[in-house]
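What follows draws every value from the coordinates through simple rules; no lab data is involved. Model, not experiment: these values are computed from the prediction. As a convention, Cβ positions derive from the backbone with ideal geometry for all residues, glycine included, and neighbour counts pool all protein chains shown.
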Amino acid sequence: MTKYLLNAVCLSLLALVAVGCGDPNLDDQNFDEDIVDETIVEDEVVEDEVVEDEVVEDEFIAPFDNDSADNPAVDQFLSITGVREVVYTDQISAEDGDNEDFVQFELPNASNPNQNIGISIDCDVFGDQNVFARVELLNVDGNDETRINGTPIDCGEEELRVTVRNDQVQLARIHVQGVPEEQTLIEYTIVVAPF
């Protein structure tokens, strides 16, 4: 019995405190509805606005990684007995953010100055689906860069076989192709496979 008596006393005290703090002119039904309506409206407005603004501003911008033709993100010597291919993954974006990357590689200088290599690039595009990444290959001869003959390589195309010169360093420039109608991020993986 003591347990039930203690519960009854606590509930009575709680009811007295609630009545003492409330407005005597409000009946219980209207008071509860006002609180519920205000709480729901405030929560919906605050949560929806904050979430939408954060997603648009932050997700589709590739961070600047400070690579350039003079300072490529990758500079790899490829050989049959050592590292045989370059596989590089990164992000580019447009209009804002880092919109190009550079990957450099060199082949052994054999008796034949030309070598056939395979290049491919796969991409995931977030934003404008009409925008994609393109790879252009350049021969680097001292301070001069000349475009390698052949077409550029675009996202999703099959591996392209290209003949390059063994006596020069090769540079792959990965950049955004097209003008996006909205902020767009491209996550890509480039593969250079000479052997």
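Test of understanding: what is the full-extension gain from residue 193 to residue 175, defined as 0.36 nm times their sequence separation minus their Cα-Cα distance?
Details: separation 18, 0.36 × 18 = 6.48 nm, distance 1.99 nm.
Extra length available between residue 193 and residue 175 comes to 4.5 nm.
Translational diffusion of region 95-160, estimated by Stokes-Einstein from the Kirkwood radius over alpha carbon pairs at 10 °C in a medium of 1.306 mPa s, is 111 µm² per second.
Note on residue 80 and residue 110: their simple-model spin labels are 0.6 nm apart, each label 7 Å out from Cα toward Cβ. Amide H contacts under 5 Å for residue 148: 137, 138, 139, restricted to partners 5 or more places along the chain or on a different chain, H placed in the peptide plane at 1.01 Å from N. Normalised Debye scattering of region 74-193 at q = 0.19, 0.21, 0.22 Å⁻¹ gives log10 I(q)/I(0) of -0.98, -1.15, -1.23, counting only Cα atoms as equal scatterers and leaving out solvent. Karplus-derived 3J(HN,Hα) values for region 113-118, using 6.51 cos²θ - 1.76 cosθ + 1.60 with θ = phi - 60°, are x, 10, 9, 8, 10, x Hz; glycine and proline are entered as x. Multiplying the residue separation of residue 59 and residue 87 by 0.36 nm and subtracting their alpha-carbon distance yields 7.6 nm.
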